[in-house]
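The values are calculated or read from the model by the stated rules, or taken from the named source; none is laboratory data. From a predicted model like this one, the values you see are computed outputs, not experimental measurements. All Cβ positions, even for glycine, are placed from backbone atoms using ideal geometry, and neighbour counts span all protein chains on display. Just so you know, the surface numbers come from the protein's heavy atoms only, side chains and all, with ligands and any DNA or RNA stripped out. Shrake-Rupley method; radii C 1.70, N 1.55, O 1.52, S 1.80 Å.
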Amino acid sequence: MSHSENEDNTVPLEQAYDSVVSRLAKQDKVPWYQKPNLRLLYLTMFPTCLGVEMTSGFDASMLNGLQAVESWVEFYHHPRSALLGVMSAMYSLGAIVAVPLVPYVTDTLGRRYAIVFGSILMIIGATLQAAAQNLAMFIVARFILGLGIVFAIVAASSLIGELSHPKERAILGSLFNSCYFIGSIVAAGVTLGTFAMPNNWAWRIPSTLQIVPSLLQISFIWFLPESPRWLISKGRGEEAFAILAKYHAEGDRDSEFVKAEYIQIEKTLEVELKNAKMSWREVLSTPGMRKRVIICSFLGLFTQWSGNGLTSYFLAPILDNIGIHDNRTKNLINLATTCWGFINATVLALTASRFPRRFMYMACTISLLLVFTAWTIASAEYARTASKPSSRAVLVFIFLYSPAYNLGYNALTYTFLVELFPFHVRARGITIFQWWGRAAGFFNQFVNPIGINNAGWKYYISYCVWLGFEVIFVYFMFPETSNRTLEELTFLYEGNERKEQVKHMEKEILESDVIPESDNHDIKGEVKMTTLHIEHI
């Protein structure tokens, strides 16, 4: 088993071929918060890009909370089992339908308009959900919400990577997923505050508030610049250069870093466009690409089939099974778990990418297996004895589950995908990951309430078996992608296929006039060393 791979970084692959940009970026010692333009850019990213994940978190936590809202339960005639599964799974089904269209909308309209498009769909869905008069209307509303979220997530995550300064890209990319918990906390708090209302506003208010993240995105997106990469691909290079100069050099159009960065993006796009017409069949045409597709497909399954769907959408029936029936207590636990999830997810997002990927994924899967096995044993003990200690033990394991999951699947998923796929097929690779993840989520949300209702704690055994498979799969299939340059990662499974592309890119850099004279010898020497290293991989 070979594991020769990549650096500990979540930057887009446009930087893969350019050691010059990385070198110049490291020479900048001024922190981002001391740069007015860059500081404003990152603050604007919060409601527009990072905030997109708040919608997903709000939806999951809200539906969790609504199951403990008496007026919602009565209005929809006590949904359980398959019916509750359909109500939850429509969100994922909408996303599955939208996934094939996302790359085309994002690349044609641009990142900003794709976020706006997805946000409009989510506003329509949330409005219909809040105004639902029957089950059919509620289900259609959730389907529309699912249609919108995937457009916004893909476009926002791309825009974060393509606008951020190279020094902060990794952190911002990792924080993207942790914003999920901000929405979760708000939704849990709102349902806790409204659950006791004696009318339908107890659930219509949380449903209405689901439009807030999308309204923020539509309101603030116009203050956020478009992706320089997208602008260059559309022949609008002057606009792209102005954006890079304003935010990456505080308006200095003579900045050597910005000039090098611009040329690097432009030259990488030339390579991309040569492969832009690659068919889906060709993505599977080589053994190396087939390995990548298998890994990203199973990663999509793992992120949804590791038990997280239970606590995200069906916490209320889980608590019923361990003797907790009071609705206020259920909503308090929901709020507590989401707050705890936000804390540990944020800490892990800032630290997990510093460690080897395989080590972190192995730690994640083994921890999940141990926690879920203990959870199952405690649940079985409660079913046998109805003892309070076993009930409390289940609660402890529910809280322990969160950091175990966030250790790998939350903190590293997009980092690992960026490192796994070469630049020209990365969009297709992430699309494949999204499809499998959404399909698994749909199946999960439909089956979980049926399993919990019919089998109780015995249903958890299926997750224990699957988590055991995850440990084996990660050990034998996941490559190590840390502590290597992105140039090296391009040849993760291949020999000589793309070496000429890299050598061409380096030749362009060596012949360019954007390198500062003072650094000319060192940087060009570094590029030449990189070329020699690649030739001997």
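Segment 134-151 and segment 407-471 have Cα centres separated by 21 Å.
Which FRET efficiency, nearest 0.05, do Gln133 and Asp320 yield, Cβ-Cβ r, R0 25 Å? After rounding to 0.05, the efficiency reads 0.35.
In this calculation the C-beta distance from Leu83 to Lys458 is compared with R0 = 25 Å, giving a FRET efficiency of 0.70.
The gain in end-to-end length when the Leu101 to Asp254 segment is fully stretched comes to 51.1 nm, 0.36 nm per residue minus the alpha carbon separation. Solvent exposure of Ile205, expressed as accessible area, is near 60 Å², computed with a probe of 1.4 Å over the protein chains only.
Using a simple spin-label model with pseudo-atoms 7 Å out from Cα toward Cβ, Thr108 and Ala196 lie 5.2 nm apart.
Residues of segment 56-82 falling in the label zone of Arg328, defined by backbone nitrogen less than 17 Å from a point 7 Å along Cα to beta-carbon, are 68-71.
Multiplying the sequence separation of Ile205 and Glu239 by 0.36 nm and subtracting their Cα-Cα distance, what value in nm do you get?
8.0 nm
Peptide packing: for 249-262, 166-179, the average count of neighbouring Cβ atoms within 10 Å per residue gives the ranking 166-179, 249-262, highest mean first.
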